[in-house]
Every structure is written in structure tokens, then in C-alpha cells.
Amino acid sequence: MKIKKRAFLTVAVLATLVSCKKEKAAQPCERTTAGISGSYKLKSIEYRMTPTATPVDFMAFLDPCEKDDIIQLKNDGTWIYTDAGSVCTPSNADNGTWSLSGNVITSDGVVSGTIQSYDCSTLVCYTENVTVPGDRYIQTLVKQ
């Protein structure tokens, strides 16, 4: 009887060990072209005239058909703006190029500026001194 119990326990332990799969290591959250590439939806746009000014919500100025659009930053340095969901008339669909140098995204499109933060799902960029010295536009995009 003892032999049967040991054999059963040995088989159970071996089956458990064999059936366990190793978890894949989480991909590092890199501020590289490959790390940032992906499809994003604009979550917020804020404007501050001065560092201490109350932020103005620029999303309130967008048409509802613009708030559901998708911005795809491709690994090859191109971007595609898709007029998704509720389509604007005329459509806002567009495309162009983008690049990353250090912490700065340069684009001929809707995503440009210095990266304030990036956690592999949320990208926050800002552009300063656009309208007046000391002002700041802050874009928050969420990966889809």
C-alpha cells in the first residue's frame, strides 16, 4: 500500500511540474521607436498658459467625431491617423512620418513633443512656448 501511495504522489508531483509553464518575461517599457510604436487614442489635451495656471481642457473643443480616432505610430517611422468610430465630414484620415530622438518625438502629424512619461500603455507628451513664452500643451494618448 505504501508503494502505491508513493508512486501516486511521485506521478502527481511530476505531472504538476511538467504541466507548469514558464511565464514569459514582461517586455521592457522602452522609449525607443519600437517600444513606442502602436495604436493610440487621444485621452486628453491640456493647455497651461503658465506653469501655475489652471489647465484648460482642449478636448472640449474637439468635435465628438474626433474623440474616437486612432493614431498609429508605426515602427517604420510612419504614422496613420484613422477617422475611427463616428466619422467626421470630411474625414480626418491622414498619414505622414515621425521619429524619436532621445525623449523628443518629431512628427508632421498630431503627435509631437517631449515625452513627459511613458509606461507602455500611456504616452504623455508636451510642447512648450507655442503661443506665448512659458505655455505648455500636454497630450495624453492611450495604447489600444
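The values are calculated or read from the model by the stated rules, or taken from the named source; none is laboratory data. What you see is a predicted model, and the numbers here were worked out from it, not measured in a lab. Neighbour counts run over all protein chains shown; Cβ positions are idealised from the backbone, glycine included.
Among the residues making up the range 75-84, those that are assigned to a loop (DSSP other than H, G, I, E, B) and closer than 20 Å to L123 by Cβ are N75, D76, G77, A84. Looking at the structure I just gave you, is T97 closer than 19 Å to R31 by Cα and of a type in the set (V, I, T)? Against the criterion (closer than 19 Å to R31 by Cα and of a type in the set (V, I, T)), T97 qualifies. Among the numbered criteria (1) closer than 20 Å to T140 by Cα; (2) surrounded by fewer than 17 Cβ atoms within 10 Å (Cβ to Cβ), which single criterion is violated by S107? Against the list (1) closer than 20 Å to T140 by Cα; (2) surrounded by fewer than 17 Cβ atoms within 10 Å (Cβ to Cβ), S107 comes up short only on (2).
Test V124 against the criterion of being surrounded by 15 or more Cβ atoms within 10 Å (Cβ to Cβ) and modelled with pLDDT under 95, and give yes or no. No; evaluated as a whole, the condition is false for this residue.
I'm trying to understand the selection: among the residues of the range 90-129, which are part of a loop (DSSP other than H, G, I, E, B) and either under 14 Å from I45 (Cα atoms) or touching a helix residue (DSSP H, G or I) at 6+ places or on another chain (Cβ under 6 Å) (or both)?
Initial filter on the range 90-129 (part of a loop (DSSP other than H, G, I, E, B)): 90-93, 102-103, 108-112, 119-121, 129.
Correct list: V110, V111, S112.
Is there a residue being touching a Cys at 6+ places or on another chain (Cβ under 6 Å), touching a residue at least 24 places away in the same chain (Cβ under 8 Å) and closer than 15 Å to R31 by Cα anywhere in the range 68-80? No: zero hits.
When V87 is tested against (1) at pLDDT below 95; (2) in a strand (DSSP E or B), only condition (2) is not met.
The set of residues from the range 37-74 being closer than 16 Å to A93 by Cβ, touching a Phe, Trp or Tyr at 6+ places or on another chain (Cβ under 7 Å) and not in a strand (DSSP E or B) comprises just one member, D69.
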